[in-house]
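Each value in this text was obtained by applying a stated rule to the coordinates, not by laboratory testing. Here the structure is a predicted model, which means the values were calculated and not measured. Neighbour counts run over all protein chains shown; Cβ positions are idealised from the backbone, glycine included.
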Amino acid sequence: MNLLHANDRRGVYPDSWYAATAVPLPPFPALKGALRADVVVVGGGYTGLSAALHLAERGFDVVLLEAHRVGWGASGRNGGQLGSGQRQDQFKLEKLVGPAAAQQLWQLGEEAKVVTHDLIDRHKIDCGYRPGLAWAGFTSRETDWMARYADHLDRAYGYREVTALGRAEFAALCPSQAYHGGMLDRGAGHLHPLRYAIGLARAAAAAGVRICERSEVHRIDRGNRAGAKVRVATDAGHVDADHLILAANGYLGGLDRKVAARVMPINNFIVATAPLGARAAEVLTRDVAVCDTRFVINYFRLSEDKRLLFGGGETYGYRFPTDIAALVRKPMLEIFPGLRDVAIDYAWGGTLAITPHRVPYFARLAPNVLTASGYSGHGIGTATHAGLVLAEAVAGQAARFDALAALPVPPFPGGAALRAPVLALAMTWFSLRDRLGI
């Protein structure tokens, strides 16, 4: 079964609050017949759109193939959080790759925010960006760690946008009794993810990118020597190009076995409540986003019309649960029990992708075939930046690509066949730890 067709209607955005509050572009035509390009990009999410846009701005002739609609996948369904640094905290990265490489990764993560803001400003993308992203902890041990981490970011990285919050300070921001404290990152923020993706697509098309929607790729033929051409085929046509960028993330399927062994799709879910009106202050007193320390993370924020957008719950198979609202309502009420009487107006799921160490996977699969994916829930900035890095590498400037490709991303135990059941067992254990508070 292909995740592209397991849970959604072909070529139709899911029934989410995001889709209900975005103005889609007129459909781009499907690929028919033969096309020739300098670069063919597979995937119309943040990575593919950013890569295509940056390549077109450098004078490359680019064709982008998307199986459904631009921003249809995780790029149009996620929690909307634009975080600092990388998905892993700097303490863990320092142990994983060493202090010098961790410094470089931090700077690349900060650069990702700058690139994202530049694209929003330069192309006048109306995605409602708001500053402020808080981390919430459940125990004194977690909040003590956050205080140390804020101090470490200041001392080792010169980043002074994070403030540790004690219990009373955090409660003044987020009145949930579930949390012991946390920290607030003023240099991070949140936005409307689908409007952002659509804005990138509009900019890419204006720059000359030929976007083909409803054009699912079934076969890739690539050469084995430098300069060899690639052919990317759909049911109705093919594209011959000098370079190929694979940017399908959790929806890559079986197009490349090396990527599939290291990048695993998982499903995550979000609900949007009915508008809360004055009761919005029971959730947040400021327009910031929040994520917490659960291994299966909870994340939430208020929408423009004062709904609670709450994400939580994961599954590891192909099918979404039949009652997404019930799945997400459970963790939502653990955090906000006072909202038990509030209706849920929208509930949707999406497929992201993770790697074993939760660091992104960049790889040169052949001399003229590049890929980036596995953003592990940190995709808005990282994926946007990945598009720029991929474009630079195609243009012959591969320093940043090589730095990211050097990250250790081993295969999942058991490879593609056993990764899901092995992860499900691990998640059961971590979920138990969450419930026991250990």
Take a quick pass over the chain and tell me how many lysine pairs come in under 26 angstrom between Cα atoms, counting only ones 8 or more apart or on separate chains. 10
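Which order, highest average first, do 378-391, 102-115 follow once you tally other Cβ atoms within 10 Å for each residue and take the mean per peptide?
Values: 378-391: 28.1, 102-115: 18.8.
So the order, starting with the most tightly packed, is 378-391, 102-115.
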Find which of 399, 245, 273 sits farthest along the positive direction of the dipole of the chain, computed with +1 on the beta-carbon of Lys and Arg, -1 on that of Asp and Glu, about the Cα centre. 245
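Quick check on the chain: of the DSSP beta bridges with both residues there, what percent are antiparallel, nearest 5%?
Working: 47 of 70 bridges.
Taking every DSSP beta bridge within the chain, about 65 percent pair in antiparallel fashion.
Could you work out the helix-only [θ] at 222 nm for the chain, with each DSSP H run of four or more residues adding -39,500 (n - 2.57) and the total divided by the number of residues, to the nearest 500 deg cm²/dmol?
Values: 13 runs with 154 residues, N = 438.
Computed mean residue ellipticity for the chain: -11000 deg cm²/dmol.
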What would the Debye equation give as log₁₀ I(q)/I(0) for the chain at q = 0.06, 0.10 Å⁻¹, counting only Cα atoms as equal point scatterers? -0.23, -0.67
To the nearest 10 degrees, the tilt of helix 140-157 (Cα long axis) against the first principal axis of the alpha carbons of the chain is 50
What distance in nm separates the two pseudo spin-label positions at residue 154 and residue 235, each 7 Å out from Cα along the beta-carbon direction? 5.9
Mean separation of Cα pairs under 8 Å and 6+ residues apart, divided by the residue count of region 153-258: what relative contact order is that in percent? 14
Ranked from highest to lowest mean number of other Cβ atoms within 10 Å per residue, what is the order of the peptides 40-50, 393-403? 40-50, 393-403
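Can you give the extra length, in nm with one decimal, that the chain gains between residue 304 and residue 274 once fully stretched, where that is 0.36 nm per residue apart less the Cα-Cα distance?
On the way: separation 30, 0.36 × 30 = 10.80 nm, distance 1.21 nm.
Answer, rounded to one decimal: 9.6 nm.
Determine, for 145, 348, 72, the number of other Cβ atoms within 10 Å of each Cβ, and report the residues in order from fewest to most.
Ascending number of Cβ neighbours within 10 Å: 145, 348, 72.
Let's see if you can work this out: charge +1 on each Lys and Arg Cβ, -1 on each Asp and Glu Cβ, no other charges. What is the dipole magnitude of the chain about its Cα centre, in debye to the nearest 20? Intermediate results must be reported in sequence, preceding the final value.
On the way: 48 positive and 40 negative charges, 142 e Å.
With only Lys, Arg, Asp and Glu charged at Cβ, the dipole is about 680 debye.
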Relative to the chain, whose Cα atoms define the longest principal axis, helix 324-335 and its Cα axis are tilted in degrees, nearest 10, by 40
